[in-house]
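The values are calculated or read from the model by the stated rules, or taken from the named source; none is laboratory data. Computed from a predicted model, the values in this text were never measured in an experiment. Ideal geometry is used to build each Cβ from the backbone, glycine not excepted, and the neighbour counts take in all protein chains shown.
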Amino acid sequence: MKKNNSARPIFLWMTLFFGSLPAGTLMAATDYQEQGKKNSPESWLSEEFNHQWGLAAIGAHYAYARGYTGKGINVGVLDEAVTQHPEFAGKLKILSPDDPWNYDENPYTGIIDFGAHGNHVSGIIAANRDGKEMHGVAFDAGLITGKYLQNPYNRTEAMIQSNARVINNSWGVRPRYEIDSNGKPKRWPDGTVKYYKVTLQDVIDYVNPIKDDLDRLSRSPIPESDDYTTRSAGLLRAARQGKLVVFAAGNANNYNVTWMHAGMPYFFPDALKNYLSVANLTIENKVNLSSTSCGYTASYCLAAPGTKIYSSTGSFVSKVNGNIDEEAFEKGELEISPTYDAYTGTSMASPHVAGAAAVLMQRFPYMTTGQISDVLKTTATDLGDPGMDDLYGWGMLNLKDAIDGPKMFITEKDILKKYYIPGSYTETQFIANIPGIGGVVEQGTTVERVCDSHECAYDRWSNDISGHGGLTKIGNGILELAGKNSTYKGPTLVEKGRLQVSGSITSDVTVKDGSTLGGVGSVGSIMANAGANIAPGDLLFVDGSNVSSSLSGILNVDRNVTFQPGSRYLVEVTPNNPNHGDRITSNGTAILKGGEVQVTLENSSNLLSKQEVRSLLGQQYNILQANQGINGQFATVVPNYLFVGTELSYLKNNVMLDIKRNNTTFTSLGMTANERAVANAADKLNLGNPVYESILMSDTKAQAHKAFQQLATGQIHGDVAAAHIDNSRYLRDALNTRLRQADGGTVGQDIKADKNGAWAQIIGNWQRAEDNNEANGYRVSNYGVLLGADKDLGNDWRLGVATGYIRSSLNGGYDTSARSNNFHLALYGSKQMDAFALRAGAAYSWHRFDTKRSVAFGSQSDNLNAKYGAQTGQLFTEAAYGMNTSWMNLEPFVNLSHVNFRHDGFNEHGGAAALSGTKQSKNATLSTLGLRANQQWQTENELTVNVYGELGWQHQFGNVDRDTQLRFSNSNETFTLNSVSAARDAAVIKAGTTLGINENTSLSLGYNGVLSGSHKDNGVFLNANWKF
């Protein structure tokens, strides 16, 4: 197959090699061991690397040292047929393998040469790094190739529908050249062909008649069988479908401009963002004299190495050691031997850019095609005249800088007027979509993909960024701006995820609902909208990429900082180091229209726990400093727990954060006097005291209230005193009853009075003190026996002594209890004066108490007990007047008694909630006014039956409170707990019967009770009396 030389005045061309190096000998396949190391660019400068000088010139080794090699990216090549080659092992996909190879025939010898242009271009892009000869810019990228030249079938649509993201085009249209008198091309002194000059107007004149057709055809799939216009429209379609179209500018000398294929965006500016034109550089970073200049494509043109570039090629060899000609080719006697050679031309420059684009697509997997193009352009090294120019466009491809992100957010204002193409660079915001791992980017396009590398969760741009455009951060991931002097003029909008500023930007930053601004750098101003988060501080990473935690720090603001209602200021604090907490420092005014301050520990994403707040009590942090003043306040600050939390104070130029006890006192949550008393005492315990700490850490009011309920069970010690003051009446009543019995025992005519005798009384009674709003009630039971003996001394005087033992059990609120052993000794007597009787006595009792209570709340759990002694002394007297009638005996009476209870002090044991009490004494003075009645009968068998009753009013004088003074064992702060107060007035009710068996023996059974609204004291007793 001969090369097709079209008769048209403008025809397809391939850039010819400028010179050749000896073909390399193929190396035997060996297992390659990579010597390049992470973060060591120099370690990648192998012999293989250095064979292709363009790699070092563009700084490719810096990308490799960061782990970026084009892996996972496919690059399309529309060129001559690309054939199998060791450099393409494992990566080459040919769209139409049946397309025949390209070759050229020497018209004088008939020898044919393999058309290796496609192999050479593909090798520059992605030849394997295998230790042999050379490797490509993106040596881990895949290749998808389609035969484009000398092919009647158009493979453009197949390429568009493939997963290639970059399409390299190292072909174009060569203008006519001047011919000398011998019919040979004229040449310039440097040896380059002298082409007729092509101007922009020539291109315009050629395109305008077919412009509408190009536009129309590009909006539909391109057919395989086509004409020249349809084939050209395929390039426009590829760009509009999201592919990065990289085009060689041409080899028509510097004074010429490129033809329509590289110039397509000039006519269709919507395609410019996905289009690049490339000029050819020498090793001295000068544009090659053969290279077409960027010219009118300067706003999307780069310069890249393209002179004497060593890459993969191929040559025909005969399988039968015969001729290498067209006949042998048609007979199938030829095969392609993989070789290497050096070519020159923009055909070699363009694949450097295509390979670099693949590396950047791995580096920035979330970026759109247009954004990759912007990064390539804005990081180029300026050559020639300062700024954009005719020869170099944006400048020389610089992969070293490109891997650190864009250097400019481009708008129309950033393009020189002479190079600006109307309708281009209309987008004023660079949309940075860091979607998070697993996010889908460019959904619904031919380049839709899942973002699955760590850069999809977090990425860092370290270049200084200029330009008139702005930045919009979207996606759930984190973008860090680390450039130290970014002066781009557009706004910075944080719409989703987190923008971390560790460098300096002069832009105004607006943070929207659900998004976060963080960092330790500097920004122009901050506007935090409702739902926005402002989080000063740095980030920590695992393996340099995965965010593991955060560090506190200062975010500087050059102008104003504004917090709108519903915004959030996330403050991290450090223990015991107020100078290292988060802070915003503004040279302007802080305008606070509400918002919430949320406080966490450094390295934590959770609000301060109660334990953390406790550990920071007393710390103060300067969280916001505004040199022009503070205007307004935040609405809230959290966390705030029941007793501890955070609080803000506002100074002229500062907002201070205090971590402290809040204004909620322990006492305020007590519901009874006892609870409030014990709460107040607990509130005065020292920091570190387990009781104090456990209450301090209460989650809820109910939990704190439970603590005070439990601690107030120390009331048991007041209950003990109250109960035993009440119990003293049993001894008095027994002695009075005995005196009445002795002095008037024979009320009936046939019954003789019991003059001398011993007696016994069995005690069995129970009491109940009712709950009230201030104290818990309790129940008491008493069981025992009293013994006595008395004697008539003559003249109606009687004197006796008594003793006894009673066992008491008290059960108070919340499972408190007390047990006591009580021993009594009494002296009593009476004087009978006709119907009038005077009775009196004195008694002393010894008590031994054993109290038990459990305290359980929060982290506190104590089983507390105490053993201690107490004594009760009492004096009593009674005056009565007996009135005997035939139907009933009546005795009105009045009595008076005084009781003193005192204990020896005690110390509970069993935990931090243990209480102590010093020696204390309680007094009670009581009177009773009442009437007794009895009647006696004698049975036929000479038994006597006596029925009696008593009804009285008991009144207590003085203080009826039954309180006790207590303190926590490790505190000197005393507090008072009250038992149920004694009844001021109560009804006394007694009823019983006595059975006289003979003159010397009688048995009595009865009930007695003292009843009031708060107390119920019921007793039954059994008396046995006998004479001796």
ask   = Applying the selection to region 425-438, what residues are among the small types (Gly, Ala, Ser) and buried (at least 19 other Cβ atoms within 10 Å of the Cβ)?
value = Ala432
inquiry  = Give me the residue from region 883-896 that is touching a strand residue (DSSP E or B) at 6+ places or on another chain (Cβ under 7 Å) and surrounded by fewer than 20 Cβ atoms within 10 Å (Cβ to Cβ) and, out of that set, nearest to Leu951 (Cα to Cα).
reply    = Pro892
query = If you check Ser969, Ser1002, which single one turns out to be crowded, with 20+ Cβ neighbours inside 10 Å, more than 18 Å from Asn727 (Cα to Cα) and either in contact with a strand residue (DSSP E or B) (Cβ under 8 Å, 6 or more places away or on another chain) or among the polar types (S, T, N, Q) (or both)?
reply = Ser1002
query = Could you count how many residues in region 505-540 are under 14 Å from Gly566 (Cβ atoms) and either among the charged types (D, E, K, R) or not assigned by TED's automatic domain parsing to the domain that holds Asn606 (or both)?
reply = 2
message = For the structure I just gave you, tell me whether Leu272 is of a type in the set (A, V, I, L, M, F, W, C), in a helix (DSSP H, G or I) and in contact with a helix residue (DSSP H, G or I) (Cβ under 6 Å, 6 or more places away or on another chain).
response = yes
message = Restricting to region 404-435, name every residue that is closer than 13 Å to Gly469 by Cα and of a type in the set (S, T, N, Q).
response = Thr411, Thr426, Thr428, Gln429
remark   = The residue that is farthest from Val193 (Cα to Cα), considering only those in region 275-306 that are in contact with a strand residue (DSSP E or B) (Cβ under 6 Å, 6 or more places away or on another chain) and β-branched (Val, Ile, Thr), is Thr297
inquiry  = Among (1) in contact with a Ser or Thr (Cβ under 9 Å, 6 or more places away or on another chain); (2) buried (at least 24 other Cβ atoms within 10 Å of the Cβ), there is one condition Met388 misses while meeting the rest; what is its number?
reply    = (2)
inquiry  = Go through region 93-118 and report how many residues are without any contact (Cβ under 8 Å) to a residue 12 or more places away in the chain and farther than 17 Å from Gly322 by Cβ.
reply    = 4
ask   = Which condition breaks for Asp325 when tested against (1) within 30 Å of Arg174 (Cβ to Cβ); (2) crowded, with 24+ Cβ neighbours inside 10 Å?
value = (2)
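Using the structure shown, decide if Lys308 is closer than 19 Å to Ala57 by Cα and of a type in the set (D, E, K, R). Show your work before the answer.
Values: closer than 19 Å to Ala57 by Cα: yes; of a type in the set (D, E, K, R): yes.
In short, yes.
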request  = Determine, yes or no, whether Val960 is in contact (Cβ under 8 Å) with a residue 12 or more places away in the chain, farther than 25 Å from Arg676 by Cβ and out of contact with any helix residue (DSSP H, G or I) (no Cβ under 8 Å at 6 or more places or on another chain).
outcome  = no
ask   = Of the residues that sit in region 58-111 and are within 19 Å of Gly142 (Cβ to Cβ) and of a type in the set (Val, Ile, Thr), which one is surrounded by the fewest Cβ atoms within 10 Å (Cβ to Cβ)?
value = Ile94
query = Could you count how many residues in region 126-180 are farther than 19 Å from Gly355 by Cα, hydroxyl-bearing (Ser, Thr, Tyr) and crowded, with 24+ Cβ neighbours inside 10 Å?
reply = 2
Test result for Arg819, more than 30 Å from Gly718 (Cβ to Cβ), touching a Ser or Thr at 6+ places or on another chain (Cβ under 7 Å) and in the same structural domain as Gly882 (by TED's automatic domain parsing) = no
message = Given (1) among the basic types (Lys, Arg); (2) buried (at least 21 other Cβ atoms within 10 Å of the Cβ); (3) touching a Gly at 6+ places or on another chain (Cβ under 7 Å), identify the lone condition not met by Arg583.
response = (3)
inquiry  = Can you find a residue that is in the same structural domain as Glu284 (by TED's automatic domain parsing), at pLDDT below 95 and either in a helix (DSSP H, G or I) or touching an Asp or Glu at 6+ places or on another chain (Cβ under 8 Å) (or both) anywhere in region 67-81?
reply    = yes
message = Given (1) farther than 25 Å from Asn529 by Cβ; (2) part of a strand (DSSP E or B), identify the lone condition not met by Asn631.
response = (1)
task = Could you please let me know if Ala789 is of a type in the set (A, V, I, L, M, F, W, C) and buried (at least 18 other Cβ atoms within 10 Å of the Cβ)?
result = no
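When you scan region 654-725 for helices (runs of 4 or more DSSP H) that lie fully inside it, which ones turn up with 3 or more residues that are surrounded by fewer than 18 Cβ atoms within 10 Å (Cβ to Cβ) and outside the structural domain of Phe857 (by TED's automatic domain parsing)? Step through it out loud before you land on a result.
On the way: elements: 673-683, 690-696, 701-711.
In region 654-725, 673-683, 701-711 are the helices (runs of 4 or more DSSP H) which contain 3 or more residues that are surrounded by fewer than 18 Cβ atoms within 10 Å (Cβ to Cβ) and outside the structural domain of Phe857 (by TED's automatic domain parsing).
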key: Filter result for the condition that a residue is under 27 Å from Leu55 (Cβ atoms) and either touching a Gly at 6+ places or on another chain (Cβ under 8 Å) or of a type in the set (S, T, N, Q) (or both), over Leu397, Leu383   = Leu383
